[in-house]
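All remarks here apply to the structure that follows.
The values are calculated or read from the model by the stated rules, or taken from the named source; none is laboratory data. Worth saying up front: this structure is predicted, and the values here are computed from it rather than measured. In this analysis, Cβ positions are derived from the backbone assuming ideal geometry, glycine residues included, and neighbour counts consider all displayed protein chains. The protein model used for the area step is the full one, side chains on, heavy atoms only, and it has no ligands, DNA or RNA in it. Shrake-Rupley method; radii C 1.70, N 1.55, O 1.52, S 1.80 Å.
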Amino acid sequence: MKTIGLIINPVAGIGGKVGLKGSDGSETLKKALELGAVPESGKKALVALKKIKEVERDVTIYTYPGEMGEDICKEAGLDCRVIGEIRSGATGAADTKKAAKELAKYKPDLILFAGGDGTARDVLDAIGTEVPVLGIPTGCKIHSGVYALNPRSAGSLICDFAKDKIKSTKEAEVMDIDEDLFRQGEVRARLYGYLRVPNEKKRVQNLKSGRGHSEEGALDLAANYIVETMEPDTLYIIGTGSTTAFIMKKLGLPNTLLGADLVYNNAVVASDCTERQILGALNDYDKVKIIVTVIGGQGYIFGRGNQQISAEVIKRVGKENIIIVATEDKMMSMFGRPLYVDTGDEEVNAYLRGYMRVVMGYEKFIVARVSD
Amino acid sequence: MAIVKVRDNFQQARWNEPLIYELSTSGLRGIIPPPVEEEIDSEAGDVFTALPDAVRRKSELGLPEIAQKQVLQHFLHLSQETSGANLNNDMVEGTCTMKYNPRLCEKLALEPDFADIHPDQDPDTVQGMLKIYYEFEKVVKAVSGMDKFSLQPGGGNHAVYTAASIARAYFEEKGEAEQRNEIITTIFSHPCDAAAPATAGYKVITVYPDEHGMPDLEAIKAAANEHTACIFMTNPEDIGIYNIHADEIVEALHAVGALCFYDQANANAFLGIARAREAGFDMCHFNVHKTFGTPHGGEGPACGALGVRDYLAKYLPVPTVEFDGDKYYFDYDKPDSIGKVREYIGQSAVVLKAYAWCKMMGPDYLKECAEISVINNNYMLNIMEKLNGVTHAFRDNGIVRQEQIRYSFEPLTEECGVGSDDMNRRMGDYGIPWFWASHYPWVIPEPMTIEPCESYTKEEIEEFCKVVEICMEEARKDPDKFKEAPFNTAMHKRLENGDLDDPEKWALSWKAYCRKHSK
């Protein structure tokens, strides 16, 4: 028997259909409603809940009242235990956070939430990696890796989870897109943090388990390769993300998950650096290399989540000194699409365009096209 | 299209057959040999004392103890649960070329004149077999344009490994072995083109295809440099697209001083039509057990014929079979050879059957075999393209497909959640053996790779497509029931509890099973 916490962000995605590119903030919500938007998050989540109905004997569901979960459970014919309080018709980010915190007290095996990137951020703020989660994609912006492919596959995944077919969890990225800039046609994303999600490749990336290495095994091999080939008397700029964090762990060094650290002869010489600090360090070291990973589902290597490693830094370090590392799973999930750079400097973007090698395992590389 | 007959009443035996060890009863004997006659006994004495200590068992031999009738019954049950090329429509093993193996070739291999010879015999007493080796080498030379072959490697992967070893020997002699420590391959080449050179010590650089599904020439150019030893590439690739840039790729690699290896494991699309030599390759191999009409599968006997240009011939494994104008002999006199890659001179039964097949076909029919393979495949594609629920890799890229195609059930999966694995199990209920989905990794979602080679009739192709159509209709009607298939075959649904991925639980032998499960 599994205990599942359920949170529906009822207004997720409301801005999408009326062209508002998001729903974060009460002003946007108000505007969306004025433009005639109808909350559809619950309706989308219903597809997942109906699927979960198939395993109702294997799950106990805790949820929040009304449109935050209770209503949709009823519509799907699912029994649920309702906790907390809401002001119906006026829910927001604070309610998502409160619900996540309150539900976590019931020690659920997993919290299932419906929303977009903003909702994922709220869940992360509230509970971190304490409880595994899974997102039902109902929002406008789905750049985070915590979401199932679609509501139905979220339902199927919960069915497998309930039947104990998924044994492990993995960390997935929560991305933070600045909606105000996004509305002006500019995508500015950063890596906001990580949540734990069920480790089920099939519904996420069309890869089969049980063949080749596990994702962790592949990451281990890639990290070993990086560590073994690190050169002495060379400054390494270690980019953001859990893949580079794993390399730092291998080195036995402290790491800033969401920031850039500087490593020299196996010691951290600066942590969580700003662009200015990095540029300053470039004056002090002759040999410099950058280690970055592929951030988010869209495959950015620069300009998303690692803006500290700026155009100027890249220009001075040189393309030949950039080491990109990513797991095979990640690279294959992006099959047919290039890696992206968005350094904010047209000249540097053009300089990076073309083909670059990505370390995917021990002495194993893939040549990826880089675009901007 | 006329009415297609479908064998839709297939029902296979499904025994819950125990392992033979589980049928064992202590003390039971299938054969009790008569006691040794007194005269022999007194003459021979205690033969066991003559056995050296090193080869003597220290403990009892752990074999199952079971009577003859039950042994026969056990294996007959298992045989009822098999499927394969001779019994079923086996066009489903794309990339494997499951062609008909003429019975005559099988008969030849069973002839005592061949079956009873031993590789340790004096070459003077096996001149016929050596002649077959010599003559078959001429065939593969003619088909590929290479100057010299070794028939020693015991399969395709082994031939690729041998090629990687030859590349290393070549660069060692040039003093560049340390510098040239990388190989390039493509994502849709056979995975052994990455794995075998990696085993031989090379770093592996893999290249994605371009938007048309061809290996990306620009990416290959970007990957090639002074560290590149060799490119290992398949053509047509696993998805059935023929790489028309092969010669340009070769040129780019030669420009940086690297060698080029052409993986021709599956050469059915271009026999008598295109040759590795003309495209500029330095080495290539054939899976004799696929293209040249000899049986394979189940890790059975195989032969990876490895061909090289004259400047690499001195590195080939020893011995090769040569002819001095009077008789055939083993040539060990190759001081630069990489040495032996296996015992003796390879799988002689495979070479014999392939040679017989080639002699029966003749050059013109070898070419026709390629043409029919390509026509068959495109005929099938024409039918499949009209079906809803299935598509294929890089559809509408304007490139005519060769002998195989990687289909994708992604549209069906999106529609009703039924994917490649589910289709595979249900199609088994129509007598279709387990189809080859794809090599790892599955970059084409929900894949199915089909190769209707020259052995198959128009009717069989139509029947196969009809089964796909019927199964997709069933999937839409009741996806949940569909996912419980198969219902009529001995095959069963794969355990999804992770046990098969757990090295603590799986076992490849009874001994390992007992150890891991404390029986």
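Across region A:30-47, coupling constants 3J(HN,Hα) worked out from phi with the 6.51/-1.76/1.60 Karplus curve, θ = phi - 60°, read 4, 4, 4, 5, 4, 7, x, 5, 10, x, 10, 4, x, 4, 5, 5, 4, 4 Hz, and Gly and Pro carry x. Rounded, prolate or oblate for region A:31-155? Axes are the square roots of the Cα gyration tensor eigenvalues, ordered a ≥ b ≥ c, and the cut-off for rounded is a/c under 1.5. Since a/c stays below 1.5, the shape of region A:31-155 is classed as rounded.
Working from label points 7 Å from Cα in the Cα-to-Cβ sense, the B:Lys138 to A:Lys101 distance is 8.8 nm.
For the set B:Lys107/B:Lys290; B:Lys99/B:Lys131; B:Lys99/B:Lys359; A:Lys53/A:Lys141, the pairs lying more than 21 angstrom apart at their alpha carbons are B:Lys99/B:Lys131; A:Lys53/A:Lys141. Take the convex hull of the alpha carbons in region B:334-375; its mean projected area over all directions comes to 4.9 nm². A simple spin-label model places the labels of A:Val269 and B:His118 7.1 nm from each other, with each point 7 Å out along Cα-to-Cβ.
For A:Lys105, a cut-off of 20 angstrom between C-alpha atoms picks up these lysines, skipping any fewer than 8 places away in its own chain: A:Lys2, A:Lys97.
Kirkwood radius, region B:109-358, all distinct C-alpha pairs, inverse of mean reciprocal distance: 18.3 Å. Each 5 Å bin from 0 upward holds the following percent of the Cα-Cα pairs of region B:366-473: 2, 12, 23, 26, 21, 11, 4, 1, 0. Percent of Cα-Cα pairs more than 25 Å apart in region A:215-371, please. Looking at region A:215-371, the distances longer than 25 Å represent 21 percent of pairs. At a probe radius of 1.4 angstrom, the accessible area of the protein assembly as shown per residue rounds to 45 square angstrom. Taking chain A as a Gaussian network of alpha-carbon nodes connected by springs under 10 Å, the highest mean-square fluctuation of the residues A:Tyr192, A:Tyr147, A:Tyr351 belongs to A:Tyr351.
Here's how it looks for A:Leu235: its modeled amide H is under 5 Å from those of A:Lys287, A:Val288, A:Lys289, which are all 5 or more places away or on a different chain.
With a 1.4 Å probe rolled over the protein heavy atoms of all chains, the accessible area of B:Tyr202, B:Tyr332, B:Tyr134, A:Tyr362 falls in the order B:Tyr332, A:Tyr362, B:Tyr134, B:Tyr202, largest first. Only protein heavy atoms count here; under a 1.4 Å probe, B:His190 has an accessible surface of about 50 Å². Result for chain A in a Gaussian network model with C-alpha springs under 10 Å: among A:Gly139, A:Gly77, A:Gly115, the largest mean-square fluctuation is at A:Gly77. Using the alpha carbons alone, the radius of gyration of region B:261-399 stands to its Kirkwood radius in an Rg to Rh ratio of 1.06. Ignoring ligands, DNA and RNA, how much accessible area is buried between chains A and B, both sides summed, with a 1.4 Å probe, to the nearest 100 Å²? In total, chains A and B hide about 2600 Å² from solvent. 3J(HN,Hα) along region B:93-106: 8, x, 6, 10, 6, 7, 9, 5, 9, x, 4, 4, 5, 5 Hz, from the Karplus curve 6.51 cos²θ - 1.76 cosθ + 1.60 with θ = phi - 60°, whole Hz, x for Gly and Pro.
Based on Cα atoms of the protein assembly as shown, Rg over Rh with Rh as the Kirkwood radius reads 1.01. Remark on chain A: A:Cys140, A:Cys159, A:Cys273 stand apart, with no other cysteine beta carbon under 4.7 Å. In this structure the amide hydrogen of B:His392, modeled in the peptide plane, comes within under 5 Å of the amide hydrogens of B:Ser408, none closer than 5 places in sequence on its chain.
Averaged over the residues of peptide B:436-448, the number of Cβ atoms from other protein chains lying within 10 Å of each residue's Cβ is 4. A:Ser310 contributes about 10 Å² of solvent-accessible surface, heavy atoms of the protein only, 1.4 Å probe. Remark: for residue pairs B:Lys138/B:Lys174; A:Lys50/A:Lys167; A:Lys165/A:Lys249; B:Lys353/B:Lys483; A:Lys43/B:Lys386, the C-alpha separation exceeds 32 Å in B:Lys353/B:Lys483; A:Lys43/B:Lys386. Using a cutoff of 8 angstrom between alpha carbon atoms and counting only pairs six or more residues apart, the relative contact order for region B:109-358 works out to 27 percent. In chain B, Cα pairs under 8 Å separated by at least six residues give a relative contact order of 19 percent. Adding -39500 (n - 2.57) for every DSSP H run of four residues or longer, then dividing by how many residues chain B holds, sets the calculated 222 nm ellipticity at -11000 deg cm²/dmol.
The amide H of A:Val294, built 1.01 Å from its N in the peptide plane, has A:Val325 as neighbours under 5 Å, considering only residues 5 or more places off or on other chains. Computed on chain A, with alpha-carbon pairs under 8 angstrom and 6+ residues apart, the relative contact order is 13 percent.
Computed over protein heavy atoms with a 1.4 Å probe, the carbon and sulfur contribution to the accessible area of chain B reaches 53%. Over chain B, all Cα pairs binned in 10 Å intervals from 0 give whole-percent P(r) values of 3, 16, 23, 24, 20, 10, 3, 1, 0, listed from short to long. Indicate, rounded to the nearest 5 percent, the antiparallel portion of the DSSP beta bridges found entirely in the protein assembly as shown. Counting only bridges with both partners in the protein assembly as shown, antiparallel ones make up about 45 percent. Each principal axis of the Cα cloud of region B:182-259 was taken in turn, and the coordinate range along them, longest first, works out to 30, 25, 16 Å. Taking θ as phi - 60° and the Karplus parameters 6.51, -1.76 and 1.60, the scalar couplings of region A:77-87 work out to x, 9, 6, 8, 9, 9, 10, x, 9, 9, 9 Hz in sequence order, x denoting glycine and proline. The long axis of helix A:215-228 is offset from the longest Cα principal axis of chain A by roughly 20 degrees. On full extension, the segment bounded by A:Glu54 and A:Lys2 gains 17.3 nm, given 0.36 nm per residue less the C-alpha separation.
Just checking the listed ones, A:Phe302, A:Phe335, A:Phe246: in the Gaussian network model of chain A with Cα springs under 10 Å, the one fluctuating most is A:Phe335. Just the protein heavy atoms count here, and of the accessible area of region A:215-371 at 1.4 Å, carbon and sulfur take up 46 percent. Straight-line cross-link reach from A:Lys364 at under 15 Å between alpha-carbon atoms covers these aspartates and glutamates, not counting any fewer than eight positions away in the same chain: A:Glu215, A:Asp220, A:Glu228, A:Glu328, A:Asp329, B:Glu182, B:Asp193.
From the Cα gyration tensor of region B:130-261, with a ≥ b ≥ c the square roots of its eigenvalues, which class applies: rounded if a/c is under 1.5, or else prolate if a/b is larger than b/c, or else oblate? Taking the square roots of the gyration eigenvalues as a ≥ b ≥ c, region B:130-261 is oblate.
Relative intensity of region B:364-408 on a log10 scale, I(q)/I(0) at q = 0.13, 0.15, 0.23, 0.28 Å⁻¹, equals -0.31, -0.40, -0.79, -1.04, per a Debye sum over C-alpha point scatterers of equal strength in the absence of solvent. Between rounded, prolate and oblate, where does chain A land on the alpha carbon gyration tensor, with a ≥ b ≥ c its root eigenvalues, rounded for a/c under 1.5, else prolate if a/b exceeds b/c? The shape class here is prolate.
All Cα-Cα separations within region B:55-207 were binned at 10 Å from zero, giving a P(r) of 8, 18, 26, 27, 17, 4, 0, each value a whole percent of the pairs.
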